[in-house]
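The values are calculated or read from the model by the stated rules, or taken from the named source; none is laboratory data. What you are looking at is a predicted structure, and each value in this text was computed from that prediction instead of being measured. FYI the Cβ positions are ideal-geometry reconstructions off the backbone, even for glycines, and counts take in every protein chain you see.
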């Protein structure tokens, strides 16, 4: 998922985070002016060209959201205090698509991806719906982003993570007796299931189906390590 936040006052006043299962994998603010990855493997998976293109895009979003926030402040007749606008976009590999805007942490308007139209959540959003419904080209882009680019990016991260996992967990059965093999290797096949949501960019944890545990990939000093966390229930 991706979260864009515009604040009416302060510096920096514009933030972007890309997350996968609540792990930040990319981030941006209008002081650094560059979309940065949290770990080197994310940069390798997405590629420098992709990150440069997305940096230019989010710089444009900064100016757009400033104008939208000013308009919504007038809709609410708010003349004092600090106000925020947030854009939340997300997708997964099972058909879920989300894009909504919030004003001062409350839902304001939602994008209906299949119809390529907007649904107001509050009365103050009706004028915004009428204005945005007429932006056919922009709505088509949002539909394409949620259903193609977002999913392609998530798939790319998932495939890269799978290769890293295989490199870290390769075990030569000839070196171990059957009784010494981990239970997972004795009784289960590894299944990589992308269960996360990701928007352009974005966030990353792999789930492996085996006796009630969660797998995490973490990078430190250029080395990727694999760890598991036992869970109380089963998937």
Just the residues that are farther than 13 Å from residue 59 by Cα and touching a residue at least 40 places away in the same chain (Cβ under 8 Å), please, taken from region 8-27.
8, 9, 10, 18, 19, 20, 21, 22, 23, 24, 25, 26
Starting from region 28-39, keep only residues that are touching a residue at least 24 places away in the same chain (Cβ under 8 Å), then list their pairs with residues that are in a loop (DSSP other than H, G, I, E, B) whose Cβ atoms are within a distance under 7 Å, requiring at least 6 positions of separation or different chains.
28/34; 28/35; 30/12; 30/13
Can you tell me which of (1) surrounded by 19 or more Cβ atoms within 10 Å (Cβ to Cβ); (2) free of Cβ contacts under 8 Å to residues at least 24 places away in the same chain; (3) more than 23 Å from residue 69 (Cα to Cα) is the one residue 118 doesn't meet?
(3)
How about region 19-28: which of its residues are touching a strand residue (DSSP E or B) at 6+ places or on another chain (Cβ under 7 Å) and surrounded by fewer than 19 Cβ atoms within 10 Å (Cβ to Cβ)?
24, 27
Residues being touching a helix residue (DSSP H, G or I) at 6+ places or on another chain (Cβ under 6 Å), outside any loop (DSSP other than H, G, I, E, B) and within 26 Å of residue 81 (Cα to Cα) - total across region 5-54:
4
Kindly list, by first and then second residue, each pair from a residue in region 59-70 that is within 9 Å of residue 6 (Cβ to Cβ) to a residue that is in a helix (DSSP H, G or I), limited to pairs with Cβ atoms under 9 Å and residues at least 6 apart or on different chains.
68/128
Selection status of residue 87, at pLDDT 90 or above and in contact with a strand residue (DSSP E or B) (Cβ under 7 Å, 6 or more places away or on another chain):
yes
Taking region 71-128 and keeping only residues that are in a helix (DSSP H, G or I) and under 20 Å from residue 143 (Cα atoms), one is left with 128
Would you confirm whether any residue within region 92-104 is more than 19 Å from the chain's Cα centre (by Cα), over 15 Å from residue 65 (Cβ atoms) and touching a residue at least 12 places away in the same chain (Cβ under 8 Å)?
no
Considering each residue of region 40-49, count those that are surrounded by 16 or more Cβ atoms within 10 Å (Cβ to Cβ) and in contact (Cβ under 8 Å) with a residue 60 or more places away in the chain, and give that number.
4
Count - residues of region 130-163 that are touching a strand residue (DSSP E or B) at 6+ places or on another chain (Cβ under 8 Å) and crowded, with 18+ Cβ neighbours inside 10 Å
11
